[in-house]
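Take a look at the structure set out below.
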Amino acid sequence: MLILITPEKDIADETELINQFFEAGLEILHLRKPNKNYAQHLAFISAIDEEYHNRIMIHYHHELAEDFILKGVHIQEQPRIDMGEDFGLYVAQFTSQRYDVSTSFHNAGDVMLYKEIPLIYNLLSPVFTAISKQGMEGKAFDVSNIEVPVIGMGGVNGANLNEVKALGYAGVGVLGGVWNAENPLESLKYLVKNTALIF
């Protein structure tokens, strides 16, 4: 499984590139734009071809999942913690309507605390030292004994996919490995091809 996370700040021709990524075989896009308001999110999603909307997981303004019939919603780590015991109820609001729900972790030991909640997968980072965030040192979390699907993030690129697989991950989440590449589309195509072979 290959997941691409959007950069926090817009880049030139970003939605055009996203359409090209989907056309090239991108499975899932995580739309993570913390500085965009509801209307800006609406405009951003509207610029992505409608046929690809069912491959988008949205991090903010979760109500847009229903407005656009997106794949689902992602609940980041701090909001999940803040919800406490209500987290399961919040997830159920979406899963009952057949939307997928995922969440984030920065500690492998916490993932199994939520094993009874029907999350499609869990993002865990940083596996390796992050490409897009300075100061995030890789932890090389081994998730082989975790019984729910975990997606490895942080420093993932085309050169270390086999290492991620060996640590027990069900797939990879990529940000800097694509967006910071000299040719983002070619980098994405390489990842699509190789994640299909490895995972």
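The values are calculated or read from the model by the stated rules, or taken from the named source; none is laboratory data. All values derive from a computational prediction rather than experimental measurement. With ideal geometry, Cβ positions are generated from the backbone for all residues, glycine too; neighbour counts draw on all protein chains shown. For the accessible areas, the whole protein counts, side chains as well, though only heavy atoms, and no ligand, DNA or RNA atoms are used. Shrake-Rupley method; radii C 1.70, N 1.55, O 1.52, S 1.80 Å.
Annotations for the structure displayed:
- Selection within segment 182-199 - over 21 Å from L124 (Cα atoms) and either of a type in the set (S, T, N, Q) or part of a helix (DSSP H, G or I) (or both): N183, P184, L185, E186, S187, K189, Y190, K193, L197
- Segment 63-96: number of residues that are open to solvent by 20 Å² or more (accessible area, probe 1.4 Å) and under 14 Å from K33 (Cβ atoms): 1
- Scanning segment 7-25 for residues that are touching a residue at least 40 places away in the same chain (Cβ under 8 Å) and under 22 Å from Q76 (Cα atoms) turns up just one, P7.
- Within segment 163-181, being at pLDDT below 95 and either charged (D, E, K, R) or open to solvent by 40 Å² or more (accessible area, probe 1.4 Å) (or both) holds for one residue alone: N180.
- In segment 16-27, the residue that is nearest to I120 (Cα to Cα) out of those that are open to solvent by 10 Å² or more (accessible area, probe 1.4 Å) and of a type outside the set (S, T, N, Q) is E27.
- Conditions (1) of a type in the set (F, W, Y); (2) out of contact with any Ser or Thr (no Cβ under 8 Å at 6 or more places or on another chain); (3) open to solvent by less than 50 Å² (accessible area, probe 1.4 Å): number failed by Y38: (3)
- Yes/no for K139 being more than 20 Å from G25 (Cβ to Cβ), surrounded by 15 or more Cβ atoms within 10 Å (Cβ to Cβ) and of a type in the set (K, R): yes
- Taking the criterion of being open to solvent by 10 Å² or more (accessible area, probe 1.4 Å) and closer than 17 Å to V156 by Cβ, the only residue of segment 5-15 that qualifies is P7.
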